[in-house]
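The values are calculated or read from the model by the stated rules, or taken from the named source; none is laboratory data. Predicted model, so just to flag it, every value in this text is computed and none were measured. As a convention, Cβ positions derive from the backbone with ideal geometry for all residues, glycine included, and neighbour counts pool all protein chains shown.
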Amino acid sequence: MNLEKIFEHNEDWINKRLNQDKEYFDKLSSGQNPEVLYIGCSDSRVTAEELLGAEPGEVFVHRNIANMVIGLDLNTTSVLDYAVEHLKVKHIIVCGHYNCGGIKSAMIPKDLGIMNPWLRNIRDVYRLHSEELNAIENEGMRYNRLVELNVQEQCVNAVKNPFVQKAMQNGLQVHGWVFDLFTGKLIDLKLDFDSILKNIKEIYDID
């Protein structure tokens, strides 16, 4: 990528926006009021705004390797808190994608240095669902199913959060999606958290 071209593109973008609306940047600088928090993967092929067809100010975005929601990660927890408590978002979307490098790296029995503790969380997802995953003979299909199960578990992690639980009592919804790189389609996993957490839900409830 030619870095000088980036500034040229920026000027073109500014002119395009101002031609559409002379007050565009006045409105943009006045604040944000997004209804959606999107937690996605850092993969350069998967950009939230483009996937969702969203304009600036419409989606609050957090991205990390393999779209993780880890309770001890102050970065993600702070994002959740700000989105729910201050921005009052109505939807939290955790979106993974097929052919995820983070998921594949987690399945490699290799020392990956500073990434080891992060990838361990994905390996824990595999451990929780090992019976189902080990029954899938096709390696590609097994990885893709792990992508889906990882999204499910990260959504569960979000639901465990006390201020997310409080907001869910007032209508906040949590969604698990997967982006199919091979077709461009977004897939709603239609997660049923009451079913997923059956018999143990009460230990996460805050009331």
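Before moving on, here are some points about what is shown:
- Qualifying residue in region 160-175 (condition: of a type outside the set (S, T, N, Q), surrounded by fewer than 17 Cβ atoms within 10 Å (Cβ to Cβ), in a loop (DSSP other than H, G, I, E, B) and in contact with a Phe, Trp or Tyr (Cβ under 7 Å, 6 or more places away or on another chain)): no
- Screening Ala135 with (1) at pLDDT 95 or above; (2) within 18 Å of the chain's Cα centre (by Cα) gives one miss only, at (2).
- Test: residue in region 15-37 that is within 23 Å of the chain's Cα centre (by Cα), part of a strand (DSSP E or B) and either crowded, with 16+ Cβ neighbours inside 10 Å or of a type in the set (S, T, N, Q) (or both): yes
- Answer residue from region 102-123, given it is in contact (Cβ under 8 Å) with a residue 12 or more places away in the chain and farther than 18 Å from Ser42 by Cα and is surrounded by the fewest Cβ atoms within 10 Å (Cβ to Cβ) among those: Arg123
- Residues (of a type in the set (Gly, Ala, Ser), loosely packed, with under 15 Cβ neighbours inside 10 Å and part of a loop (DSSP other than H, G, I, E, B)) located in region 43-93: Ser44, Gly53, Gly57, Gly71
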